[in-house]
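See structure below.
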Amino acid sequence: MDAPQDTRWLSAEERQTWLALAALMIRLPSALDAQLQRDAGLSHFEYQVLAALSEAPERTLRMSRLAMLAEGSLSRLSQVVARLEQRGWVRRTPDPTDGRFTLAVLTDEGWDKVVATAPAHVETVRSLVFDPLTKAQTRQLCDIGRRIMHAVDPGDQCGEARPA
């Protein structure tokens with residue numbers, strides 16, 4: 001077994017940057033979840049599922065594609081879609097073009113839920129993420145996010161539009 005290489009410790013500036021990013025990764029999702037739970041009775045993941053379906057052609061996506069867009073596993077998505085089905089917001093159906101796949105379809109009631117929920121959620125995203133930044137910082141944040149996502153997952157389509 002080879003001896004481990006010397007550890008590349010973080011500089012003081014890198015450490016401060018990492019601590020700020022780590023806090024952001026923990027606190028921002030919690031803040032988004034809290035707003036959605038309070039105002040709409042939804043988790044952020046549930047909202048992402050509904051929003052992705054609302055933007056899809058015919059409000060329909062294969063479950064595998066929906067899992068990717070919502071940044072979740074297929075098993076997690078299946079559990080969430082089951083809950084959304086119970087509320088009447090989503091229904092599942094076999095894909096008529098390939099029965100090996102299942103489609104998730106946003107119902108009219110689900111559409112109404114997204115339409116009712118989106119304004120407050122977008123306002124929260126705007127106030128927490130975009131209002132504190134300049135336009136130049138917003139562009140930098142986008143570039144930084146894409147670069148980090150490429151390092152995490154080189155095959156990720158991070159530039160692709162996703163729900164807020």
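The values are calculated or read from the model by the stated rules, or taken from the named source; none is laboratory data. Here the structure is a predicted model, which is why all the values come from computation and not from measurement. Note that we place each Cβ from the backbone using ideal geometry, even for glycine, and neighbour counts take in every protein chain shown. Accessible surface is based on the protein model in full, side chains and every heavy atom, while ligands, DNA and RNA are left aside. Shrake-Rupley method; radii C 1.70, N 1.55, O 1.52, S 1.80 Å.
Annotation for region 46-67: no member residue is over 24 Å from residue 108 (Cβ atoms) and open to solvent by 90 Å² or more (accessible area, probe 1.4 Å). When region 90-135 is filtered for residues that are open to solvent by 80 Å² or more (accessible area, probe 1.4 Å) and part of a loop (DSSP other than H, G, I, E, B), the ones remaining, listed by number, are 96, 97, 100, 131, 132. Inspect all residues belonging to region 94-116 and state whether any of them is of a type outside the set (Ser, Thr, Tyr), closer than 20 Å to residue 29 by Cα and touching a Leu at 6+ places or on another chain (Cβ under 7 Å). Yes, that holds for at least one residue. Scanning region 1-59 for residues that are touching a Ser or Thr at 6+ places or on another chain (Cβ under 8 Å) and either within 18 Å of residue 145 (Cβ to Cβ) or without any contact (Cβ under 8 Å) to a residue 40 or more places away in the chain (or both) gives 31, 32, 33, 37. Just one of the listed residues (67, 82, 40) is farther than 24 Å from residue 156 by Cα and in contact with a helix residue (DSSP H, G or I) (Cβ under 9 Å, 6 or more places away or on another chain), namely 40. Taken over region 66-89, the criterion of being assigned to a helix (DSSP H, G or I) and touching a residue at least 24 places away in the same chain (Cβ under 8 Å) is satisfied by 66, 69, 76, 77, 80, 81, 83, 84. If you go through region 68-80 and keep only what is of a type in the set (D, E, K, R) and either modelled with pLDDT of 90 or more or surrounded by 22 or more Cβ atoms within 10 Å (Cβ to Cβ) (or both), you end up with just 76. Can you spot a residue in region 12-25 that is open to solvent by 40 Å² or more (accessible area, probe 1.4 Å), closer than 26 Å to residue 119 by Cβ and either touching a helix residue (DSSP H, G or I) at 6+ places or on another chain (Cβ under 9 Å) or not in a helix (DSSP H, G or I) (or both)? No, there is no match, as no residue in region 12-25 is open to solvent by 40 Å² or more (accessible area, probe 1.4 Å), closer than 26 Å to residue 119 by Cβ and either touching a helix residue (DSSP H, G or I) at 6+ places or on another chain (Cβ under 9 Å) or not in a helix (DSSP H, G or I) (or both).
I'd like to know if region 33-40 contains one or more residues that are part of a loop (DSSP other than H, G, I, E, B) and open to solvent by 20 Å² or more (accessible area, probe 1.4 Å). Within region 33-40, not a single residue is part of a loop (DSSP other than H, G, I, E, B) and open to solvent by 20 Å² or more (accessible area, probe 1.4 Å).
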